[in-house]
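Before any comments, here is the structure.
The values are calculated or read from the model by the stated rules, or taken from the named source; none is laboratory data. Keep in mind that what you see is a predicted model, and the values were worked out from it rather than measured. Quick reminder, even Gly has a Cβ in these numbers, built from the backbone with ideal geometry, and neighbours come from all protein chains shown. We work out accessible area using only protein heavy atoms, side chains counted, and drop any ligands, DNA or RNA first. Shrake-Rupley method; radii C 1.70, N 1.55, O 1.52, S 1.80 Å.
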Amino acid sequence: MKPNWALRTITYVVRQVYLSSRIRVRQWGHLPGGRGATVLITNHQHMDEGEMVTARTFLRHPWKPLVMCNSRRTFETGFIAWQMPWTGSFTRGLNLSWLWDAYSILPIENHLFSRPLISLAEELRSAHGDLPFEAILPPETFQPLGLDGRVLSDLWKPVNFVRAHAWVKVARLKQPYRREVLANLRAVRKRDIDAIVERVRPGATFYITPEGDFSRDGRMHPMRGGIVEALAPFADLWLWRTTQFRIDEDVSG
């Protein structure tokens, strides 16, 4: 699905009005309108700041393509059900990849050593069918989760959906599945970065935070995973430092 300019514009305008009523934001400086391929790098301290940064960047120069990335877990079936359990009865089988595509949000594999069990199950089921857990994991891993005698597809049933999100180290997988998952992990990671490069090279702006999660000390931490290294040869790098502090009930950044 192609990025949807109208959908993004409406979403950003509505959300900016709402967020401006809840938090106070001060901004100094902005990206130039005549920029080419650009990487916008910020630290990450508040749950709403990424939306503020991307919305203001887009709305100031809406003709410039804006690209972001998010964890591949966001692109997996059942993500919304896990984030909003009250929707589980009708979202366990929902995959929102089409929606993230419309917002120019690309996937990136950022869990290199462990993943939710349901994520590993989705990958293995697509490659090998509905395997029993005894075939892919040692008993000490799946028995505490109450998965004796179960198969991979059972994780999407309501009774198992919570335990399905237990984090499992890739190293716990039996062979040959461990070897396959690790090989696929490297291939998917490379494919994700190549897709980002392909979108940015023609002149898009790519937004990223080094931490991947909140910066607890306010500092901009080392960049992970080779994304910026792949973009640096042809893109301009811009740093945008964010800060936050609390005054009564207001948050300023």
TODO: Can you work out which of the residues in the stretch 1-23 that are surrounded by fewer than 11 Cβ atoms within 10 Å (Cβ to Cβ) and charged (D, E, K, R) is nearest to Lys64 (Cα to Cα)?
DONE: Lys2
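So which residues in the stretch 126-164 are charged (D, E, K, R), surrounded by 14 or more Cβ atoms within 10 Å (Cβ to Cβ) and under 17 Å from Leu94 (Cα atoms), if there are any at all?
The answer is Asp154, and nothing else.
Determine whether the stretch 30-45 contains at least one residue that is free of Cβ contacts under 8 Å to residues at least 24 places away in the same chain and either under 19 Å from Leu239 (Cβ atoms) or not aromatic (Phe, Trp, Tyr) (or both). Walk me through it before giving the result.
Within the stretch 30-45, the first condition is being free of Cβ contacts under 8 Å to residues at least 24 places away in the same chain, and the residues that meet it are 32, 34.
Going one step further and asking which of them are either under 19 Å from Leu239 (Cβ atoms) or not aromatic (Phe, Trp, Tyr) (or both), we end up with 32, 34.
So far as the stretch 30-45 goes, yes, one or more of its residues are free of Cβ contacts under 8 Å to residues at least 24 places away in the same chain and either under 19 Å from Leu239 (Cβ atoms) or not aromatic (Phe, Trp, Tyr) (or both).
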Task: Contacts under 6 angstrom Cβ, first residue in the stretch 57-80 being of a type in the set (D, E, K, R), partner part of a strand (DSSP E or B) and crowded, with 17+ Cβ neighbours inside 10 Å, 6 or more apart - done: Lys64/Thr205; Arg72/Pro107
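This table checks each residue for (1) more than 30 Å from Ile208 (Cβ to Cβ); (2) part of a helix (DSSP H, G or I); (3) under 21 Å from the mean Cα position of the chain (by Cα).
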{"position": "Leu112", "(1), (2), (3)": "no, no, yes"}
{"position": "Ala121", "(1), (2), (3)": "no, yes, yes"}
{"position": "Ser126", "(1), (2), (3)": "no, yes, no"}
{"position": "Glu134", "(1), (2), (3)": "yes, yes, no"}
Task: Unmet criterion (only one of (1) at pLDDT 90 or above; (2) of a type in the set (D, E, K, R); (3) open to solvent by less than 50 Å² (accessible area, probe 1.4 Å)) for Glu109 - done: (1)
- [ ] Select from the stretch 53-100 the residues that are in a helix (DSSP H, G or I) and among the β-branched types (Val, Ile, Thr) and write down the one among them that is surrounded by the fewest Cβ atoms within 10 Å (Cβ to Cβ).
- [x] Thr87
Task: Thr42 vs. criteria surrounded by 20 or more Cβ atoms within 10 Å (Cβ to Cβ) and either acidic (Asp, Glu) or touching a helix residue (DSSP H, G or I) at 6+ places or on another chain (Cβ under 8 Å) (or both) - done: yes
Open item on the list: For the structure I just gave you, tell me whether Val170 is open to solvent by less than 30 Å² (accessible area, probe 1.4 Å), touching a Phe, Trp or Tyr at 6+ places or on another chain (Cβ under 7 Å) and touching a residue at least 12 places away in the same chain (Cβ under 8 Å).
Closed with: yes
